[in-house]
Each structure stands twice: as C-alpha cells, then as structure tokens.
1. Of all residues in the stretch 37-62 being in contact with a Leu (Cβ under 7 Å, 6 or more places away or on another chain) and of a type in the set (F, W, Y), which is nearest to G132 (Cα to Cα)?
2. Kindly indicate the residue of the stretch 117-134 that is assigned to a loop (DSSP other than H, G, I, E, B) and small (G, A, S) and also nearest to A105 (Cα to Cα) among those meeting that condition.
3. Looking only at the stretch 12-36, filter to residues that are open to solvent by less than 40 Å² (accessible area, probe 1.4 Å), among the small types (G, A, S) and farther than 14 Å from L131 by Cα; which one of those is modelled with the lowest pLDDT?
4. How many of the residues making up the stretch 119-134 are open to solvent by 30 Å² or more (accessible area, probe 1.4 Å) and of a type in the set (A, V, I, L, M)?
5. Starting from the stretch 106-117, take each residue that is more than 20 Å from L50 (Cβ to Cβ) and list its partners that are modelled with pLDDT of 75 or more and open to solvent by 30 Å² or more (accessible area, probe 1.4 Å), counting only C-beta distances under 9 angstrom and pairs at least six apart or across chains.
6. Checking L100 against (1) modelled with pLDDT of 85 or more; (2) assigned to a helix (DSSP H, G or I): exactly one of these is not met. Which one?
Amino acid sequence: MSGTVHELEAQQTPDDAGDAVLELLSTMADRGTVVAITLFSGGQVVSGTLVGRDRWLQEFVGRAARGGGGGRQIAEQVQGLFRAADLRRPGDGRAPRDYLHLLDAQIDGLPRIAEGLLWRGRISEVAGWSLGSL
C-alpha cells in the first residue's frame, strides 16, 4: 500500500513530534478525499474543507486570475513556484506532506474574522484539530 498508513507507521507514530494522522489526511486529500476539518493554529481557529494541493492550487490560480490587475501575473508566478517544487521531488514523485490546504476556510473569532478563504498552513504549526467544520 504505497503512501498509506503502513508507510507512515514505518516513519512515525501519532504521538511523535509530527502528526502522522494529519500527514495521512493530507495524503488522502491529494488522492481526492475531501473532508471537513477544524484546525487550531497560531492562536486561531480555522475551519474548512481539506483538499489536495493540486485542487487548492487550481482554485488559487482561478481566483487570482479573476482578480484583475496583477492577479494573472500572481497566478503565473505561484504556478511556477509549485512547478519548481514538483521538479525537486524525490525520484518516487511523492510530494512532501508539510502543508494542509483548505477551501472555503473561515477564521473564527468573536465576531467571525473571515470566511470563504483559501487557506494553506504548515502541519507542524497545527496545535490541535478535529474532523468537521464550524
């Protein structure tokens, strides 16, 4: 089972310094699984739909290009950064599981700070999480 729980088990357990469960969810998202999630990161509560890196990038590029002005140029530059990262992947082609990508994210506070966002955050910066969104 390539890229599954068995590979992650060989690397770490859920109680190690990293979060093997979040890495597994990220792997599953890259393969098309979509799940609602709430994250606690940097003193904020972020809730949204966990998606794969490529789907998030596609949405980012679309939004940036529709933004007018320099939006199209931003979209092209970000696509170039992601392409360059793809070229640096190990020989097996697997992407590192350093980031989580959310669509329709909301940052909660009293009152709600923002919603409908594209959010990208480091797995290592997530202090806690729960399945389901607010």
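1. Only one residue fits best here, namely W56.
2. Step one: filter the stretch 117-134 for residues assigned to a loop (DSSP other than H, G, I, E, B), giving 132-134.
After this cut, where a residue has to be small (G, A, S) as well, the list is 132-133.
On the way: G132: 12, S133: 9 Å.
Applying the filter and picking the extreme gives S133.
3. Top of the filtered list is G18.
4. Going through the stretch 119-134 one residue at a time, the tally reaches 3.
5. These pairs meet every condition: G109/Q44; G109/V45.
6. So L100 meets the others, but not (2).
The values are calculated or read from the model by the stated rules, or taken from the named source; none is laboratory data. Please read these numbers as outputs of a predicted model, since none were measured by experiment. Reconstructed Cβ throughout: ideal geometry from the backbone, glycine too, with neighbour counts over all protein chains shown. We work out accessible area using only protein heavy atoms, side chains counted, and drop any ligands, DNA or RNA first. Shrake-Rupley method; radii C 1.70, N 1.55, O 1.52, S 1.80 Å.
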